[in-house]
Each structure stands twice: as C-alpha cells, then as structure tokens.
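The structure under discussion appears below in the form of structure tokens.
The values are calculated or read from the model by the stated rules, or taken from the named source; none is laboratory data. All values reported here derive from a predicted model rather than from experimental measurement. Positions of Cβ are backbone-derived with ideal geometry, glycine not excepted, and every protein chain shown enters the neighbour counts.
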Amino acid sequence: MEFGGGDEIRFERRGVAGVVTLTRSKALNALTHGMIRALAKALAAWEQDKAVALVVMKAEGRAFCAGGDLAHAYDGMRTGNPPLDFFADEYRLNAALARFPKPCVSLIDGIVMGGGVGVSCHGSHRVMTEKALFAMPEVGIGFFPDVGASFLLSRLKRSFGMYLGLTGTRIRAGDACRAGIATHVVSSASLDEILEGLCKGTSPDRVLRPFASRPDCETDEGTLFAIARLFSRDRLDDLLLGLRQARDEGEAIADSALAAIEKASPTSVAVAFREINTGAMLEMDDCMRMEFRILNRMLAGHDFPEGIRAVIIDKDGAPKWRPPSLAELSEPAVDAYFAPLPGGDLEV
C-alpha cells in the first residue's frame, strides 16, 4: 500500500490487519520525517477503513526502533534550521496513536528507545520478546524524555518511571511487563504465528494468551522497593539528597542512579523531573503540548546539540553542559522551558 516513506517503512494489508514494518534496519530503524508522515497517513486511512480491524507494527533487524534521526537533528540545529516540523509531526503521531480507536499491536523484538517508544508504547497492546530492550536515555544527550514519556512514565507505579527518566536505565521485558510498559511477553520464535492469528481477525487478547508468559523481573524486589523510596520526592533537591545519603550508606542502586544523573545534562535532569511530575496530572494531548513547549527551548539551547556532538558525532563522551551543575541552574531558567509558546501551543 502506498502511503509514502520510500524504502524506510512498508505498509501491507494482510487479512483484516494493516501491517506496518520499519525497514531501516541498518540505522536501527531510527525514525525519519518521511517515516513519520507516512505512518500518520496510514493510521488516518485505516481508522476510516471498515475492512481494517486492527493495526500491527513490527520491524526488521535487531531493533524495533532506537529513536529519531539525531544526526539530522544536529545538522539542522547547527545550520540554524532546527527540525521543529519533524518533532511537531512526531508528537501529533504519538497523540494519534494514543487515541486510535482500533487495537494497535506492537511486536517489539529488539531495542526500543526514544522515538521508538513513541510509536509503540501508546497503542493498546505492547508485546515484547526476550530480545526487547527498553530505555528513555534522553537526559544523557542534553534532551528530555519526550514522545509522550511525560504521560507514560508518570503513570508507572512505585516511581519507576521517574527512575527510568532521570537515569536512562535500560530494562528488559520482565521489568517492562511488571511496570506496565509491556502488556504481554512472548518468545521471539512465536511472532510469525502470532502475526498470522492477528491477521485472521481473532481478537489480540485471544491470539496472545497462549503465547504469553509472566517472566521474572530482572530487578529484584529489594531494589524496586529502594527505587520507590528514593524517587518519590516532590523536589529534585530532596531526591538527590536522598540518593547521596543512600549511596553513603552503601545502597548500590543509589550509587548507580546518582552516577547516571550526575553525568547527564543538569538542565535536562531538572526539566525531566518537573515534566514527569506534571505529566501525571495531564491527559495525553496536554502532555504533548507541554513537551512541544520544552522541545522548542531545547532546540534553541546549548545542551541538546552538545550532547549529540559528544555521543553521536565526535563520540568523545565528554559533553560540556551549560550550566555544568544543578547548583548553577536557577528556578526561573527551568520555568522558561514550560512557558506558553509565543506562536501558540501545538495543535494535536
């Protein structure tokens, strides 16, 4: 079926299912603007097509989708042409997926990060295999957890979403299932049979039930309890103080979490903390409007291009953040990221 996207994304009708396959495997299926626009067109068409009962999303290669095309974003920021249209269309797509009225089944059989989370984890069924690897690592590149992360992470129990957003920690299917990110965990070897059943029109729950398992969490209960205690704070200063005290008392999770936070952009950490707390009180569309406000300021700032440079372009792993510490970051500076946009908020 022709919705655009060239050879980066494929659309098919199989039985009653509209099937989307991300085909940029050499680039870990990183999203391009063409892929986003094509997927938005397909969803709009399939929503109105009575012959399409559900949508299935999958990918080729070892990644479902590792995020957006950061090199392209970097080039745009460096040349004075920040990719606002890319992000605006991506955020509209995330919102459309969240309110899509038909079942949307994501078959996540590999890496899913950043923008990949946005196109897979807002649908009705998030199916992960033993190969799945989930993360929102944006604070480490001077950005913030976007693509609806303010909605998704804020709703995970026991402050697990705050932990993931501030540290960029990678988790497997067991932890993702316990947290509610994944709705089902299946074997990678069963995906073809699952897809066949979905295309026949059997309800997704009925198709998935015989293949689904309840894997053990990769993170033990004691660590989960510590995360809940340490990351449930109303103020970032209190959270960091608690982590330092727990580290000094020998808690391993506090040591690793604090190390990740202290390496990340101070601005990104502060913005992410407020964003996730605020997102808990907002519906998805309002979360996307808030994220677009933040996005505009991030694209015009220093840390996002500097983070991409250090991690993706030069790969020296030594970003120079401005300001270099949370102590030098003022409250008004953080407030500015959440202020209304002069030209009006994103229309979703």
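Quick look at the numbers
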item: For Ala96: the one exception among (1) outside any loop (DSSP other than H, G, I, E, B); (2) within 29 Å of Leu191 (Cβ to Cβ); (3) out of contact with any helix residue (DSSP H, G or I) (no Cβ under 8 Å at 6 or more places or on another chain); (4) not aromatic (Phe, Trp, Tyr); result: (3)
item: Qualifying positions in the range 12-66 - in contact with a strand residue (DSSP E or B) (Cβ under 6 Å, 6 or more places away or on another chain) and over 16 Å from Val117 (Cα atoms); result: Glu12, Ala17, Gly18, Val19, Thr23, Ala38, Ala42, Trp46, Val52, Leu54, Val55
item: Matching residues in the range 308-337 - criterion: being closer than 12 Å to Ala270 by Cβ, of a type in the set (A, V, I, L, M) and touching a residue at least 24 places away in the same chain (Cβ under 8 Å); result: Leu326, Leu329, Ala333, Val334, Ala336
item: Matching residues, the range 206-221, being surrounded by 13 or more Cβ atoms within 10 Å (Cβ to Cβ) and within 14 Å of Ala252 (Cα to Cα); result: Thr219
item: Counted residues, the range 38-72 - those being under 18 Å from the mean Cα position of the chain (by Cα) and surrounded by 18 or more Cβ atoms within 10 Å (Cβ to Cβ); result: 13
item: Exclusive hit being surrounded by 22 or more Cβ atoms within 10 Å (Cβ to Cβ) and of a type in the set (A, V, I, L, M), set Leu243, Leu224, Leu258; result: Leu243
item: Matching option when the condition is basic (Lys, Arg), within 19 Å of Leu326 (Cα to Cα) and without any contact (Cβ under 8 Å) to a residue 12 or more places away in the chain, among Arg274, Arg247; result: Arg247
item: Flag for Asp248 being closer than 30 Å to Thr223 by Cα, at pLDDT 95 or above and surrounded by fewer than 19 Cβ atoms within 10 Å (Cβ to Cβ); result: yes
item: Index of the failed condition, Ile111 passing every other in (1) surrounded by 24 or more Cβ atoms within 10 Å (Cβ to Cβ); (2) under 12 Å from the mean Cα position of the chain (by Cα); result: (1)
item: Residue selected from the range 1-15 under the condition surrounded by 15 or more Cβ atoms within 10 Å (Cβ to Cβ) and modelled with pLDDT of 95 or more, by the criterion farthest from Ser106 (Cα to Cα); result: Phe3
item: Elements of type helices (runs of 4 or more DSSP H) contained in the range 113-221, each with 3 or more residues being in contact (Cβ under 8 Å) with a residue 24 or more places away in the chain and out of contact with any helix residue (DSSP H, G or I) (no Cβ under 8 Å at 6 or more places or on another chain); result: 173-179, 191-199
item: Residue tally, condition of a type in the set (A, V, I, L, M, F, W, C) and more than 21 Å from Gly80 (Cα to Cα), over the range 293-335; result: 6
item: Among (1) of a type in the set (Gly, Ala, Ser); (2) out of contact with any Lys or Arg (no Cβ under 7 Å at 6 or more places or on another chain); (3) surrounded by fewer than 24 Cβ atoms within 10 Å (Cβ to Cβ), the one test that Ala135 misses; result: (2)
